[in-house]
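Visitor: Pasting a structure below so you can have a look.
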There are 2 protein chains.
Amino acid sequence: MSKTGKSAVVLLSGGQDSTTCLYWAKKHFEKVYAIGFRYGQRHEFEVELAQKIAEQASVPYVIHEIQTLKKLSRNSLTNSDIAMDAEKPADSLPNTFVPGRNMIFLNYAAVYAYSLGVHNIVTGVSQADYSGYPDCRNTFIKSVNASLNLAMDYEFEIHTPLMWCDKEAVWQLADELGVFDIVRTQTLTCYNGVPADGCGHCPACTLRAKGLEKYLRKKQ
Amino acid sequence: MSKTGKSAVVLLSGGQDSTTCLYWAKKHFEKVYAIGFRYGQRHEFEVELAQKIAEQASVPYVIHEIQTLKKLSRNSLTNSDIAMDAEKPADSLPNTFVPGRNMIFLNYAAVYAYSLGVHNIVTGVSQADYSGYPDCRNTFIKSVNASLNLAMDYEFEIHTPLMWCDKEAVWQLADELGVFDIVRTQTLTCYNGVPADGCGHCPACTLRAKGLEKYLRKKQ
């Protein structure tokens, strides 16, 4: 058990990664809280799914509105008039990047944890399949952890169980945690808003499906 | 001129410090933008004052709602049912501390700057008269600057012209910038919501008045 106590706040969006993290947290901590955000994402429906997932896991879930993110920047994830990049452009970030998003999410999660007297924060970011998003990198997480601790003069510990996992490894972890079916059937990863196996052709679905296929083949 | 360009985003709350910073930024940068927040502070009136100050300075001002801060934590600045600490308690932070506030403000200012293609951010935090708030310290600012740069893969430069200024020095700087009267008569620092010289007895007024007195004595 970590020096920083027996409870944790998990960032839960209702996707494959954060749902797997929710169950990882339930295994490693005695008391788990979850936090999610409405920030003008295309499929706010994912928040409802997350709500159900949290209920099923008996984890209290709070949802916060942060429309400021949408107002402050233009990207295809929060502006439906922009077509989403199917692949990462060679010379820039994909236009699905919402600048500052993960830092703001971690910031609010930390304020919530502080108010609860909780020190551990769990987030499903991964550098392995990170599509070039800078705020999924390990170095960023280390840096923002230090900034949060300095900001509030408090000992936060950010846990990133998926940091070095590709999607195949995330499926394997869900299976080891006994929640393979929950993750497969109840989560939303698809950019087109189709839960479970999704639309099958957007970049998120392709990544998820390839990982699943690899994991199932290995498991046979 | 800084390597990071000729424009800047200033965090403007309508108080003495941020108003002085606004004019400092106008002196050092060709194009200045200001950003402010409604976050459930006791005296939202300060945002209206900030609006007037920005107009007078011909600086575009955007205001964002972030009620999440109020919902996530209990403190006397955003909860009027809690009496404000008159002085810093010996063994804890004053209850006027809003956990995570400056980091969230800087985060949104950075997202705004990113969307404008601006690299410089100016904020009026000060370690000299910081009342024990951890998110006013220089080390925090350096850390959050690094985190923001990593989060967005972008070169931000956070400027803190008041970092080592006590209130006397802030009055002197306003005078040197030619805005002593504007700062004295149009800003709101008072915890009880009285503009200009304020209520005269809250901690913020006492600090401001002492600095003013010392500066005026020195100037004679």
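The values are calculated or read from the model by the stated rules, or taken from the named source; none is laboratory data. Keep in mind it's a predicted model, so treat the numbers as computed, not measured. Backbone-built Cβ (ideal geometry, glycine too); neighbour counts: all protein chains shown.
Visitor: Restricting to helices (runs of 4 or more DSSP H) lying wholly in region A:121-214: which have 1 or more residues that are surrounded by fewer than 22 Cβ atoms within 10 Å (Cβ to Cβ), within 14 Å of chain B (Cβ to nearest Cβ) and aliphatic (A, V, I, L, M)?
Guide: Here the list reads A:138-152.
Visitor: Further question on the same structure: Is one or more of the residues making up region A:53-64 modelled with pLDDT under 95 and closer than 30 Å to residue B:118 by Cβ?
Guide: Yes.
Visitor: What pairs come up if the first residue lies in region A:172-189 and is over 12 Å from residue A:211 (Cβ atoms), the second is surrounded by fewer than 18 Cβ atoms within 10 Å (Cβ to Cβ) and among the aliphatic types (A, V, I, L, M), and their beta carbons are under 6 Å apart, counting only those six or more places apart or on different chains?
Guide: From residues that are over 12 Å from residue A:211 (Cβ atoms), the pairs are A:185/A:196.
Visitor: Going through region A:103-156 one residue at a time, which ones are of a type in the set (S, T, N, Q) and free of Cβ contacts under 8 Å to residues at least 24 places away in the same chain?
Guide: A:115, A:139, A:143, A:145, A:147, A:149
Visitor: Which one is nearest to the other protein chains (Cβ to nearest Cβ) among residues in region A:52-69 that are farther than 23 Å from residue A:98 by Cβ, touching a residue at least 24 places away in the same chain (Cβ under 8 Å) and part of a loop (DSSP other than H, G, I, E, B)?
Guide: Filtering first and then ranking leaves A:60.
Visitor: State which residue is farthest from the other protein chains (Cβ to nearest Cβ) when the search covers only region B:36-51 and only residues that are of a type in the set (Asp, Glu) and free of Cβ contacts under 8 Å to residues at least 60 places away in the same chain.
Guide: B:48
Visitor: Let me ask something additional. With the requirement that a residue be more than 9 Å from chain B (Cβ to nearest Cβ) and either within 22 Å of residue B:110 (Cβ to Cβ) or not in a loop (DSSP other than H, G, I, E, B) (or both), what does region A:99-120 give you?
Guide: Correct list: A:105, A:106, A:109, A:113, A:116, A:120.
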